[in-house]
């Protein structure tokens, strides 16, 4: 086994950077939390915002919460002029954080005495457009924007980071094959509405299109109920819209232990045990690519075995 593959294999055993940890607290690191239309226009007139900065605003307007790695990948896969592209856009992002266009967050954990010190444990840092910049992107620049509510749970933030990483990966690798993409869409089911995490209709050579439903689950308290609820939403959609083409459910997990925990719950639940559900982890998705890290689970003599599966 080559050194590079060995390093990748070792990474698969690690926890997701978007893992839920008991006792962690969401922390915003900004001093300046917002900006106005007028301030953005003034920065633009003074040449303080360039093509890269507006590319960042456009990308972030379409998502809710992105890590710097996600932004780097998006920008370098965009139609931005090659002369502007570089390995990292950390300087641009930091400038926009100072100006209040972008808010920077992390999860911190530790005792109450440690939370205000450098000894605290910090998660990966991630970013979201400030309210003023989001409104500017939608109302002035006319960018496509997400419609996720401002007030969401910390668990949902981690789910979105996981989903966004998958979406960015698949949107680049299967760009020409994706016929439809649904991001945190509200679907009407009977008299009520429910939110789908991610949905794709993917064209396949010499085969029916694949309908891929992607959900993210964090092992937060009550995750079993949330898992069941999300699968029921997917199944309600497939039954209501009556598709003849194959529909697959893929679950994004925090680590291999989470895959096994969710599969065990699936095998024990009366509704879930009849469902065909595939799994992957955030790390394997990042290392091998969105469609090259999908696993099916089998229970053999009380032992859970994972097997890689190729859909496309």
Quick check on the exposure proxy: order 26, 262 from fewest to most C-beta atoms within 10 angstrom. 26, 262
With everything on Cα atoms, drop me the angle between helix 223-241 and the longest principal axis of the chain, reported from 0 to 90° to the nearest 10. 80
With an 8 Å cut-off on Cα pairs and a minimum separation of 6 or more residues, tell me the relative contact order of the chain in percent. 17
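For residue 206 and residue 38, what does the FRET efficiency come to when R0 = 51 Å and r is the distance between their Cβ atoms, rounded to the nearest 0.05?
0.35
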Taking the Cα atoms only, what angle lies between the long axis of helix 90-99 and the longest principal axis of the chain, rounded to 10 degrees? 60
How large is the helix-only mean residue ellipticity at 222 nm for the chain, computed as the sum of -39500 (n - 2.57) over DSSP H runs with n ≥ 4, divided by its residue count, in deg cm²/dmol to the nearest 500? -11500 deg cm²/dmol
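What share of the DSSP beta bridges in the chain is antiparallel, in percent to the nearest 5?
Values: 34 of 45 bridges.
In the chain, DSSP labels about 75 percent of beta bridges as antiparallel.
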Tell me, rounded to the nearest percent, the portion of alpha carbon pairs in the chain spaced more than 38 Å apart. 17
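Read the figures in this text as sums done on the coordinates, not as results from a lab. Note that this is a predicted model, so its numbers are computed, not measured. Reconstructed Cβ throughout: ideal geometry from the backbone, glycine too, with neighbour counts over all protein chains shown.
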